[in-house]
Structure formats: C-alpha cells, structure tokens
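Enquirer: Before I ask anything, let me first share the structure, which is written out below as structure tokens.
The values are calculated or read from the model by the stated rules, or taken from the named source; none is laboratory data. Computed from a predicted structure; not experimentally measured. Cβ coordinates were reconstructed from backbone atoms using ideal geometry, including for glycine residues, and neighbour counts include every protein chain displayed. With ligands, DNA and RNA removed, areas are computed over all heavy atoms of the protein, side chains included. Shrake-Rupley method; radii C 1.70, N 1.55, O 1.52, S 1.80 Å.
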Amino acid sequence: MNIDLIGFALAVIALPLVFGLIIAIHEMGHFLVGRWCGVGITTFSIGFGKAICQWVDKHGTIWKIGILPLGGYVKFFGDADAASVPDTETIRELTNEEKSKTLAGQNVWKRIAIVAAGPIANFLLSFLILSGFAYFYGKMEMEPRIGQIAPGKPAEKAGMMVGDLILSIDGTPVKSYYEIPRLVQFGTGGTLTIVVQRGGERKTFQVQPILEQPASQSALDKRLAPASVAIIGIQSSDRAEMRRVHYSLSESIIAGIGNSWRIVETNVRIIKLIVSGRMSVTTIKGPVGTAETISTVAYYKDISLLIYIVAALSMWIGMANLLPIPVLDGGHLLFYFIEALRGKPLSETTQEVGFRIGFTLIVLLTVFVLALDTMPRLFGN
C-alpha cells in the first residue's frame, strides 16, 4: 500500500490544530471580555472530560485540555457548570464583593458583552484569515465565458450558446467563472434568471438547474464531492482570460468582509434549501464529516483550501452559537435581552426550565447530526 507519509502526518496534525484553534479563539473571546469586566474565571478548557494536561495561572484560573475535543468552555466564578448557569445557592451566600466577581453579579450589558464576545471572536478570526489571504495571495479570476454546453442540459434548452459572457445570475453580478457554481447551487428560486452578453447585445434566459453527480477529476475532488449538485450544463472556455487579482490593504479588508458575508449567506441559503426540501438533510456535515474533510484536504496538501475551511468553520461555529437555544450563547443572550426590556431578569424557575429544554434540544440535535455523519459510513448510502 502506497501511503503519502507527509500527507498522512499533515492529516493527523491538522485535526487538533484546526478544531483547537477555533475553539480556543471562541473561548478566548469570553475570557478576555470577562476578565476586563472584573469577573473571576475558574477554568478555561479546550475539550471536555478528563484533562490531558492542565496548569494554574497566577489568577487561580485552571487552563486545561480535555480528552473529548467536542468544544470548550470558560467557567466563571459563581457558575454551576460549563454552560454558565448560575449557582444561585452558592451566590446567595457570597459577600457583596464576591458577588461582584460573578457573571450573574454584572449588569445586563456587561453580561451581554461577555457572552457575545465568543461568537464575535469567531467572526473576527474568519475575517482576519480571509483578509490576510486576499492580501498575501490575491485571487485567481477567470472570465465567465461559456466554452462548452452539454447537449440536452438546462443551458442548451434555455437557448444559451458557446461564447456567451455571463453577466449576472438572479441579479447577482458575475465577475469570475468561479462564482457560477455557487450561484447555481444556492439560487434563490427553482428557476435562475441568467443575463449574458452575446456580441453587442444582452440576452436574458430562464434556466432550471438539475441535480447531478459531479464529475470528479482529482483524488481530492473524489473524496470531497457531494452526492449531487445543481448544474446547468456549461463549462468554461479554454480561451477565457485568466488573471490573478492583487489587493491593497484596504481592498483586502473589503474582500475579507465580502467573503465573510458570503459564507454567512451560503450557510443561510443551505438552511433555507433544506427546510424547503430542495436540498437533502444528508448534506449536513457534523463533527465526523468535518473531521474527514479537514483530514482529506490536509492529506492532499491543499493548504489554501484548508485555510478557507478554517475560516468557514469558524464562521459557522459563531453562527451556530448564536442560535436562541438556552445553554448556547444565543440562549443566554435571549434571556439577557428580555431582562433588559423588562427591567428585571426572568424568574429562576423559568430560566431553569429553559436551560433544561435547551440541553435536551442540544442532545437530540447532536445525536441526529452524529447519526447523519456515521450511518452512511457504517452501512453505505
């Protein structure tokens, strides 16, 4: 068996580095803002369960790496658990000075800042990665001109022709051929409105994409290709202009913001497509599928794609944590905003019931995603 030892080593190293970096950045957001607000921090953990290694800093905070790499947490002074649920019984017995060092003892706006800092840190990581990549490497762009049209496919049926220069898809301007697959895959409706330039005139076509198994050309493509994608049956032109676009610092920042927003937009569109039934729920990748993707990309030494995956995964984790489910950051923020509007917090009973419901939902969702991840791998598609 011929094994690429360098690729294998990269695949093994990439997993803990990618997950560890994203988790650490998220928790560091909570940690830094919490400490800035004067909240005591008892534990900073990457992973859950028994500690592989740990140490204590001069402030008495325990820093540790857990054996289960499924997340992380910052436990504040006065918290009952890793989900930042306040230990009300213990807090009642604290002095006023001690209460001022608990998360629950902060005013509502400080608590909002501390909780929101985790997802915001993830968004900032994505933005910095994408801006830095734009600045140092630029971007390859190919003129969005049609070079081939597959017989009998949607583009041919709609009347599109070889040589057409695609100007926009569903109102979104197309500057590079590489943008077309994403716009086709995540189109806003069943039928796409495609505007092209043919000769000296513009023409508009209504094109209905179809689902097909993608044609994989490389070993990496074969490992990462989804079961099916939306296509219209076109290929780029061999004579299309190809160029590398270089960005100034200000342009890189703008590109970073644009690419970060594109990841958010893509995630939202995927959710809408799944809810509407236009995309299978099996396209969701959980921890197993994500780990497999990272390992595969690292094995084939596609560093640029690996960097993009880190940015996309960090953005996704930030978004997922903002879901208004108690136990997640979004659930805490929901309670805090309600408190800000009411002028007083929800009752302890209401919050406790909310956290129990949230915990149950998270467990069910985790089981569901793990089942989607593992069942096809165990029993086939």
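Enquirer: Let me know the charge dipole size of the chain about its Cα centre in debye, to the nearest 20, where only the beta-carbon of Lys, Arg (+1) and Asp, Glu (-1) is charged.
Expert: Details: 34 positive and 30 negative charges, 104 e Å.
Here the size comes out at about 500 debye.
Enquirer: Let me ask something else. Lysines within cross-link reach of LYS301: Cα-Cα under 29 Å, excluding same-chain residues under 8 positions apart?
Expert: Those lysines meeting the cut-off are LYS139, LYS175, LYS222, LYS285.
Enquirer: Here's another thing I want to ask about it. If the cut-off is a Cα-Cα distance under 17 Å, which aspartates and glutamates reach LYS272, setting aside same-chain residues fewer than 8 apart in sequence?
Expert: ASP170
Enquirer: Right, next: Using only the Cα atoms, what convex hull volume per residue in Å³ does the chain have?
Expert: Working: hull volume 73.6 nm³, N = 381.
That works out to 193 Å³ per residue.
Enquirer: Just the number please: accessible area per residue for the chain, 1.4 Å probe, all protein chains included, in Å².
Expert: Values: 21430 Å² over 381 residues.
It amounts to 56 Å² per residue over the chain.
Enquirer: Let me ask you something else. In nm, what is the difference between 0.36 nm times the number of residues separating VAL162 and ILE274 and their Cα-Cα distance? Please report the intermediate quantities before stating the final value.
Expert: Values: separation 112, 0.36 × 112 = 40.32 nm, distance 3.31 nm.
Full extension of this stretch gives 37.0 nm more.
Enquirer: At 0.36 nm per residue, minus the direct Cα-Cα distance, what do LYS139 and ARG243 gain on full extension? Give it in nm, one decimal, please. Walk me through the intermediate numbers first.
Expert: Details: separation 104, 0.36 × 104 = 37.44 nm, distance 0.83 nm.
Between LYS139 and ARG243, full extension yields an extra 36.6 nm.
Enquirer: Relative to the first principal axis of the alpha-carbon coordinates of the chain, what is the inclination of helix 5-36, with its axis defined by its Cα atoms, in degrees from 0 to 90 and to the nearest 10?
Expert: Compared with the principal axis, the helix lies near 50 degrees.
Enquirer: If I stretch the segment between GLU265 and THR172 completely, what's the gain in nm (0.36 nm per residue apart, minus their alpha carbon distance), one decimal? Numbers along the way, then the final one.
Expert: Values: separation 93, 0.36 × 93 = 33.48 nm, distance 1.28 nm.
Once the chain is fully extended between GLU265 and THR172, it gains 32.2 nm.
Enquirer: Please list, in chain and number order, the residues 5+ apart from ASP87 or on another chain whose amide H is under 5 Å from its amide H, with Hs placed from the backbone.
Expert: Counting only residues 5 or more places away or on other chains, the set is ASP79, ALA80.
Enquirer: Using only Cα atoms, find the angle between the long axis of helix 249-276 and the longest principal axis of the chain, and express it within 0 to 90 degrees, rounded to the nearest 10.
Expert: The answer is roughly 90 degrees.
Enquirer: Can you give the relative contact order of the chain as a percent, counting alpha carbon pairs under 8 Å and 6+ residues apart?
Expert: Working: 587 pairs, mean separation 69.1, N = 381.
Relative contact order comes out at 18 percent.
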